[in-house]
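Worksheet: the structure to be examined is printed underneath.
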Amino acid sequence: MRCRAHIFSVVPLVVCSLVMAGRAKPPRSEPPNKKPKQSAQSHKYVRPTDPSLYVGTEACKTCHEELYNAFATSPHLVTTIDSKLDARKGPEWHGCEACHGPGKEHVEGGGDKTKIFAFKDVSPAESSARCLDCHQSSHEQSNYGRSAHLQSGVSCTDCHSPHHAKDTQSLLQESSPKLCYSCHLDVKAQFVRPFHHRVNEGLMQCNDCHNPHGGFERHQLRTVAGQDEVCYKCHADKQGPFVYQHEAKIEGCEACHTPHGSTNQRMLVQNQVNLLCISCHSTGGNGAPPTPSFHNQANEYQACTLCHTAIHGSNSSNVFFTP
Ligand code: HEC
Ligand code: HEC
Ligand code: HEC
Ligand code: HEC
Ligand code: HEC
Ligand code: HEC
Ligand code: HEC
Ligand code: HEC
Ligand code: HEC
Ligand code: HEC
C-alpha cells in the first residue's frame, strides 16, 4: 500500500482513496519474461564437519585445472586462507568444498558426478543457502530471505557466477543493467523514454535506488538516513526542512514523478502540469484545498508552476511562490 498520507490525516480512508483515484498510476508491470524455478521454503545448509570427508582445493586442481586457475584470481580465494576466516576454520569453509561440499567420494569415484553438489536441479532456496551461510551476516545480503527475488524463485546464481562471471567486479552473470533487463523487460522500456534517469548511460545504477538482495521497503527500495525516500540521497534540496512543506510529498515523490522514465518533462506522471495539480486540488475533500475560483483555466493560470515555483516546499511562501 503506497498511501502513507493516512498517518497524518483526520479522515484516513477518504484521503487515501481520493488521492489514489485522482492520480494516473503507471501501468502495473508485466511479469518478467524469464520464469525461474519455484522457490522452496527457506533452507539451511548444514555443513558436514568430519574433516576426513574433505580433500582440499589442491586435490580438485588435478582434474579441474582451468576452474582452479580462475578461482585463484577470484575473491573467493581468501576462503583458502585460514587466518582470514576467523570463526570458519574447518575444511568445510575452505575453497571449492566450501560451496560444493565434501569432495572425497567424488574424487575417489574418479569424478563421480552424483557424489558432488553442483548447484543444478535444486531449489533456489537450497542453492542460495550455500552462499548465505557466509554472506548472510553482510548488511547488503541479510534480507535475501524476504526478498521479492528469492520469493519468486530467483537464486544468487541467477545473478552471480563464481566461475564464469562476465562482470568480475561483483562476479555478475552479466553487468547491470543488462542483467536486470534480461528479466525486467517492462523496466527496460521505461528507461528508454525521452525523460529518464541516466542508468543506460552509466551515470547511475539500479542499485542506487534498489537493493537487489531485498530489504524492508516496498519494491526493494533503499532508504537514506532516517528511513526517508531514497530520492533524497541525490536530491537533498527537495527534502527541506521547509517552513512550508507541500504535503503532497507525504505520499512520496512518485505521487508526481515516474522514477524510471517518462514521456513527460521532469518525469511527471501527467503531461500537463495543471491536470496533475488538479488531480488533488479539485474538491478539497482530500486535504488539498481546491484551486481558487479566480484561477481561470482557459488562460494564464494553466501553467501552475510558473507562479507556484517552489513546488517541493518553501521557507517564505505558504503557497510556494518563492523558495
Ligand atoms: C579424478 C579427477 C577429479 C577430481 C580430483 C575432481 N573432479 Fe570434479 N569432476 C571430474 C569429472 C570427470 C567430472 C565430470 C565432468 C563431466 O562429465 O562433465 C567432474 C565434475 C565435477 C562437477 C560437476 C558435477 C555435475 O553434476 O555437473 C563438480 C561441481 C566438481 N566436479 C567439483 C569438484 C571438486 C569441488 C573437486 C575437489 C574436491 C573435484 N571436482 C575433484 C573429475 C574430478
Ligand atoms: C563461491 C562458491 C563456489 C566456489 C568457491 C567454487 N564453485 Fe564451482 N560452482 C559454483 C556454482 C554456483 C556453479 C554452477 C555454475 C555457475 O553458476 O557458475 C559451479 C560449477 C562448478 C562446476 C561445473 C562446471 C562448470 O564449469 O560450471 C565444476 C566442475 C566446479 N564448479 C568445480 C569447482 C572447483 C574445482 C572449485 C575450486 C577450484 C570450485 N568449483 C569452487 C560455485 C562455486
Ligand atoms: C565459505 C564462505 C563463502 C561461501 C560459501 C560463499 N562466499 Fe562469496 N565470498 C566469501 C568471501 C570471504 C568473499 C570475499 C569478501 C570480501 O572481499 O570482502 C566473498 C566474495 C563474494 C562476492 C563479492 C565479489 C566482489 O568483487 O566483491 C560475491 C558476489 C560472492 N562472494 C558471491 C557468492 C555466491 C553467489 C556464493 C554461492 C554460490 C558465495 N559467494 C559463497 C565467502 C563465501
Ligand atoms: C537480482 C540479482 C541479484 C541476486 C539474486 C543476488 N545478487 Fe548479489 N549483487 C547483485 C548486483 C547487481 C551486485 C553489484 C552491486 C554493486 O555493484 O554495488 C551484487 C553484489 C553482491 C556482492 C558484493 C558486494 C556487496 O554489495 O555486498 C555480494 C557479496 C553478493 N552480491 C552476494 C550475493 C548473494 C550471497 C546472493 C544470494 C543470497 C546474491 N548476491 C543475490 C545482484 C544480485
Ligand atoms: C531513481 C531511482 C530508481 C532507479 C535508478 C531504478 N528504480 Fe526501479 N523503482 C524506483 C521506484 C521509486 C519504484 C517504485 C515506483 C512506484 O511506486 O510507482 C521502482 C519500482 C521498480 C520495480 C517494481 C515496479 C515495476 O515497475 O515493475 C522494478 C521491478 C524495478 N523498479 C526495477 C528496476 C531496475 C531493473 C532498474 C535499473 C534498470 C531500476 N529499477 C532503477 C526507483 C528506481
Ligand atoms: C532471473 C530473473 C531476474 C533477474 C536477472 C533480475 N530480476 Fe528482479 N525480479 C525478478 C522476479 C521474478 C521478481 C518478482 C516479480 C516482480 O515483482 O516483478 C523480481 C522483482 C524485482 C523487484 C521488486 C519488484 C516489486 O514490485 O517488489 C525489483 C526492485 C527488482 N526485481 C530489481 C532487479 C534488479 C535491480 C535487477 C538487476 C540487478 C534484477 N531485478 C534482476 C526476476 C529477476
Ligand atoms: C543516485 C542519484 C539519484 C537518485 C537516488 C535519484 N536521482 Fe533523480 N536525478 C539524478 C540526476 C543526476 C538527475 C539529473 C541529470 C540527468 O538527467 O541524469 C536527476 C533528475 C531527476 C529529475 C528531473 C528530470 C528532468 O527532466 O529534469 C526528477 C524529477 C528526479 N530526478 C526525480 C527523482 C526521484 C523521484 C527519485 C527517487 C525515486 C530520484 N530522482 C532519485 C540523480 C538521482
Ligand atoms: C506535487 C507534485 C510533486 C511532488 C510530490 C514532487 N515533485 Fe518534483 N516536481 C514537480 C513539478 C511540477 C516539477 C516541475 C517544476 C517546473 O515545471 O519547474 C518538479 C520538478 C522536479 C525536479 C527537476 C527540477 C528541479 O527543481 O530540480 C526534480 C529533481 C524533482 N522534481 C524531484 C523530486 C523529488 C526528489 C521528489 C520527492 C521528494 C519530488 N520531486 C516530489 C512536482 C512534484
Ligand atoms: C498528491 C496530491 C497533490 C498534488 C498532485 C498536488 N498537491 Fe498541492 N497540496 C496537496 C496537499 C495535501 C496540500 C496541503 C494542504 C494543507 O496543508 O492544508 C497541498 C498544498 C498546496 C498549496 C498550499 C495551499 C495552502 O493554502 O496551504 C499549494 C499552493 C499547492 N498545493 C499547489 C499545488 C500545485 C501547483 C500542484 C501541481 C504542481 C500541486 N499542488 C499538486 C496535495 C497535492
Ligand atoms: C498567475 C499566477 C498563478 C498561476 C499560474 C496559478 N496560481 Fe494558484 N495561486 C495564485 C495566487 C495569487 C494565489 C493566492 C495566494 C494567496 O492567497 O496568498 C494562489 C493560490 C493557490 C492555491 C491555494 C488556495 C488556498 O485556498 O489556499 C492553490 C491550491 C492553487 N493556487 C493552485 C493552483 C493550481 C492547481 C494552478 C494551476 C492549475 C495554479 N494555482 C496556477 C497564483 C497562481
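Within region 243-263, work out how many residues are within 11 Å of ligand 8 (Cβ to nearest atom) and surrounded by fewer than 18 Cβ atoms within 10 Å (Cβ to Cβ).
Of the residues in region 243-263, 4 are within 11 Å of ligand 8 (Cβ to nearest atom) and surrounded by fewer than 18 Cβ atoms within 10 Å (Cβ to Cβ).
Given the conditions (1) at pLDDT below 95; (2) away from ligand 2 (no atom under 11 Å from the Cβ), report the number of the one that Asp133 does not fulfil.
The number of the failed condition is (2).
Looking for something crowded, with 16+ Cβ neighbours inside 10 Å, near ligand 5 (Cβ under 10 Å from one of its atoms) and in contact (Cβ under 8 Å) with a residue 24 or more places away in the chain - is there at least one such residue anywhere in region 224-240? Show your work before the answer.
Step one: filter region 224-240 for residues crowded, with 16+ Cβ neighbours inside 10 Å, giving 229-232, 238-240.
Now narrow it down to the ones that are near ligand 5 (Cβ under 10 Å from one of its atoms): 229-231.
Checking the rest, the ones that are also in contact (Cβ under 8 Å) with a residue 24 or more places away in the chain come to 229, 231.
Checked region 224-240: at least one residue is crowded, with 16+ Cβ neighbours inside 10 Å, near ligand 5 (Cβ under 10 Å from one of its atoms) and in contact (Cβ under 8 Å) with a residue 24 or more places away in the chain.
Before we move on, is Ile311 outside any loop (DSSP other than H, G, I, E, B) and either within 30 Å of Gln151 (Cβ to Cβ) or away from ligand 6 (no atom under 16 Å from the Cβ) (or both)? Full working, then the answer.
On the way: outside any loop (DSSP other than H, G, I, E, B): no; either within 30 Å of Gln151 (Cβ to Cβ) or away from ligand 6 (no atom under 16 Å from the Cβ) (or both): yes.
Judged against the criteria, Ile311 is not a match.
Any chance you could count how many residues in region 249-269 are part of a loop (DSSP other than H, G, I, E, B) and either in contact (Cβ under 8 Å) with a residue 24 or more places away in the chain or among the polar types (S, T, N, Q) (or both)?
Start the filter on region 249-269 by keeping residues that are part of a loop (DSSP other than H, G, I, E, B), which leaves 252, 256, 258-260, 263-264, 269.
Now drop any that are not either in contact (Cβ under 8 Å) with a residue 24 or more places away in the chain or among the polar types (S, T, N, Q) (or both), which leaves 252, 258-260, 263-264, 269.
The number of residues fulfilling the criteria is 7.
Within region 232-248, is even one residue closer than 20 Å to Arg198 by Cα and part of a loop (DSSP other than H, G, I, E, B)? First the steps, then the outcome.
Going residue by residue through region 232-248, those that are closer than 20 Å to Arg198 by Cα are 232-238.
With the extra rule that they be part of a loop (DSSP other than H, G, I, E, B), the set shrinks to 234-235.
Within region 232-248, one or more residues are closer than 20 Å to Arg198 by Cα and part of a loop (DSSP other than H, G, I, E, B).
Criterion first (modelled with pLDDT under 95 and not polar (S, T, N, Q)) does Gly202 satisfy it?
Numbers: modelled with pLDDT under 95: no; not polar (S, T, N, Q): yes.
In short, no.
The values are calculated or read from the model by the stated rules, or taken from the named source; none is laboratory data. For clarity, every value in this text was computed on a predicted model and none was experimentally measured. Quick reminder, even Gly has a Cβ in these numbers, built from the backbone with ideal geometry, and neighbours come from all protein chains shown.
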